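Derivation of every value follows stated rules applied to the coordinates shown; laboratory data play no part. Nothing here was measured: the structure is a model prediction, and the numbers come from that model. Using ideal geometry, Cβ is built from the backbone for each residue, glycine included, and neighbour counts are taken over all protein chains shown.
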Amino acid sequence: MLLVIAALLCVATVPLAGGRLGALAGLEIRAVWAVLLSAAIQVGITSALPGGSQALHVALHATSYLLVAVFLVANRRLVGMPVLALGATLNMLVIAANGGVMPASATALRVAGISETGDFANSSSLAHPHLLPLGDVIPIPGPWPIGNVLSIGDLLIFAGMLILLHTVCASNLSRRPAANRA
């Protein structure tokens with residue numbers, strides 16, 4: 001839920017910086033189905049049906065990131081997408097190195113107020129994590145829906161989204177001329 005709130009805050013920064021959200025209507029985004037299906041899979045395996053086969057959940061988690069890759073490749077020419085893709089790639093790399101689960105710092109989980117249930121979690125404290133510094137190590141304290149843990153990849157994803165939004169919407173934070181925005 002925090003990620004949805006953060007995405008909405010990214011969008012809200014555009015008019016605050018003098019940009020026009022209406023400019024997004026002219027943006028040609030491809031393979032939207034892939035990112036929507038990815039989100040549905042992640043919600044399904046972490047919230048709607050977290051119990052059940054660990055192997056199936058890991059396979060679905062990996063599939064959700066492959067769908068994100070389809071979306072990123074289809075939209076690779078959009079400004080900000082390389083930064084966003086770097087973040088997603090780092091997350092995919094860490095998840096792959098840890099058998100389909102994003103490793104989380106036990107301290108970060110505790111600070112965020114997240115308790116592990118034993119069901120599938122896309123982010124979990126592991127006994128012997130690989131690449132933990134790139135995992136979910138940044139705690140966001142607070143009760144649900146705010147409490148969460150983020151990775152460097154997550155921050156890059158939001159940075160890429162901000163670059164895209166502010167450039168396309170011609171906010172005061174954008175330095176590119178209008179003709180080169182999309």
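Some points to look at:
- Order of Phe71, Phe158 - criterion: other Cβ atoms within 10 Å of each residue's Cβ, fewest first: Phe158, Phe71
- The long axis of helix 54-74 is offset from the longest Cα principal axis of the chain by roughly 10 degrees.
- Tail fraction, Cα-Cα pairs, the stretch 1-60, threshold 15 Å, whole percent: 67 percent
- Computed FRET value (nearest 0.05) for Val43 with Arg20, which takes r as the C-beta separation and R₀ as 30 Å: 0.45
- Structure-derived Rg and Dmax of the Cα atoms in Å - corresponding label in [x] 15.6, 47; [y] 17.2, 54; [z] 17.1, 52: [z]
- In the chain, the longest principal axis of the Cα atoms and the axis of helix 152-168 are about 20 degrees apart.
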